[in-house]
Structure formats: C-alpha cells, structure tokens
Amino acid sequence: MILMRTACVLVLPLVVAASPAFAAPSIATQVEEAARAQLEKQAAASGLADPRFELTVVPPRVPPACSGPVEVDTLDTRQPNRMRFAVRCQGAGASRQEYIVRARISASVVVAATPVAPNETISDTHITVEQRDITSIADPVTDPGAAVGQTSRRSLRAGDVLRNSSLTAPVLVKRGDAVAMIARFEGIEVSTAGEALDNGARGALVRVRNSSSGQTVRMRVTAPGTVEPVDMPRISR
C-alpha cells in the first residue's frame, strides 16, 4: 500500500504596509528654521566668517494645535537673545501666538593677541583670529586688515574681541604741524608749505594755511605731514 502524502502548503496573504507619510515638521522646527534664515541673512550682510548658531525655541504656555504647516511671521530679530515670531495655523479665523527664539552666535573674528594700550597703533603682532561667541557684540571686526594701522579708543586685554566702534584711524596731522601741500596731476607734482589748523587722520578733511599766501584752504590728509587738495583725484598707495 502506497501512502500518498499530500503536502499542505500554507499560503499567507502578503501584506504590503504602506510607508507612513513623513510627519509635518513641528511648529518649533518651523519657527527655528525661520529664525535661522534671518540670522544667516544678517550674518551675510555683516560679512561674518564661519557663523554658527545655537537656537532655543521658547513656545507660548499654550501652543497652537495646528495639524499641518503654519504661517510664521517675523516680528523682531534685532536682539539675538530674544527674537520674536508670530505663528498662525492655516485657515480662516486662526489666531496668532508669539514664539521667542534665543540664539547664541559665534563666528571667526579678530581678537587681541597681546594687550593694546589706548591710542596705540595696532600691528599684525597685536591681533589674531579666533572663533568666539559674539551674541552680545554688534560690531565685531572680522577682517584683520581692517584693524592693522588703526588705534583703539580703550585698552584691550589679550583675548578681547575687537569692535569697529572702538577703533579709530591714527591722527597723521595735528593742529600746528608744518605740512606739505602736494598737488599731483598728469605726472606733475607741485608742493607748497603750509600749517595744519585741525587734527586729521588719513582721508580726513582739515583746514590748512598756505605759508606763502596766508590763504586758508581745505585739504585732505594723505600721509603723516602731507595733505592734498580736496578736488584732486585721490591717489592709491
């Protein structure tokens, strides 16, 4: 007797699970993206090098219950540690709620490598470039070349971030100084002695008395003890 064994094959239905749709970004994420876009725009306008941002979103006590993307309006981004945004759910009649974003900003900026005395002319040896927190510094110096040759209005300690508002061009001409009044045009140079009646840095306009004629004219400071007529083309050096 031949026993016939029937193979019983169990066929299970193949269930293909649909991939879940990507969840819409949270409101906090959307607000953070809006804040980051504002900061990147401001950093580009300020010429910051290697800007980095750390953001903390502070929601209202009762966040809006939005099911999808929201409208994010910028209210005030002047203070990085308290940027204000208005959030509104899409749809008619939706109310707005305010979100606060606190940002920490760092960038590659110019810092003092050694102490600098007030009115001391800054040289290459005085400065270096480092990544620093500039959240509370509105006008950091980002280009070392912009600091070299300038003087600081206040004393700087090693490690201090240089600020544009603290730098000033050194005075090249002082009141009472004897100066050379030099006019150059098409290869011809004429020099006359004069007396400065004002203090002036490079590029500043000062009054100068012509020693020969006694006439007082306005001149532009070009170098220590040297001025040129205001209406003459400026000469690059």
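None of the figures in this text is laboratory data; all of them are computed from the coordinates on show. Being a predicted model, the structure only gives us computed values, none of them experimental. Glycine also receives a Cβ, built like all others from the backbone with ideal geometry; neighbour counts cover every protein chain displayed.
Give me the one-decimal nm value for the distance between modelled label points at Q90 and A178, 7 Å along each residue's Cα-to-Cβ direction.
Distance between the two pseudo-spin positions: 8.0 nm.
How long are the semi-axes of the equivalent ellipsoid of the stretch 27-105, defined as square roots of 5 times the Cα gyration tensor eigenvalues? Whole Å, largest first.
The three semi-axes for the stretch 27-105 are 25, 12, 10 Å.
Tell me, in nm to one decimal, what length is gained between N81 and Q42 on full extension, where the rule is 0.36 nm per residue of separation less the Cα-Cα distance?
Full extension from N81 to Q42 adds 12.6 nm.
Taking the alpha-carbon centroid of each part, what is the distance from the stretch 119-155 to the stretch 48-93 in angstrom?
Centre-to-centre (Cα) distance: 34 Å.
Give the relative contact order (percent, whole number) for the chain; include only Cα pairs under 8 Å separated by 6+ residues.
Relative contact order here is 11 percent.
First measure r as the distance between the Cβ atoms of S212 and N119, then evaluate 1/(1 + (r/R0)^6) with R0 = 41 Å and state the FRET efficiency to the nearest 0.05.
Result of the calculation: an efficiency of 0.75.
Relative contact order (percent) for the stretch 171-229, with alpha-carbon contacts under 8 angstrom and 6 or more residues of separation?
Result for the stretch 171-229 is 36 percent.
What percent does the relative contact order of the stretch 46-108 come to when contacts are Cα pairs within less than 8 Å and at least six residues apart?
43
Taking the 0 to 90 degree range and rounding to the nearest ten, how far is the long axis of helix 27-46 tilted relative to the main principal axis of the chain, both from C-alpha atoms?
Between the helix axis and the principal axis of the chain, the angle is about 20 degrees.
So between S136 and E189, what do we pick up on full extension, going 0.36 nm a residue minus the alpha carbon distance?
14.1 nm
Subtracting the Cα-Cα distance from 0.36 nm times the residue separation, let me have the gained length for R153 to R102 in nm, one decimal.
15.2 nm
Computed FRET efficiency, Cβ-Cβ of A204 and R61, R0 41 Å: what is it to the nearest 0.05?
The pair A204/R61 has a calculated efficiency of 0.15.
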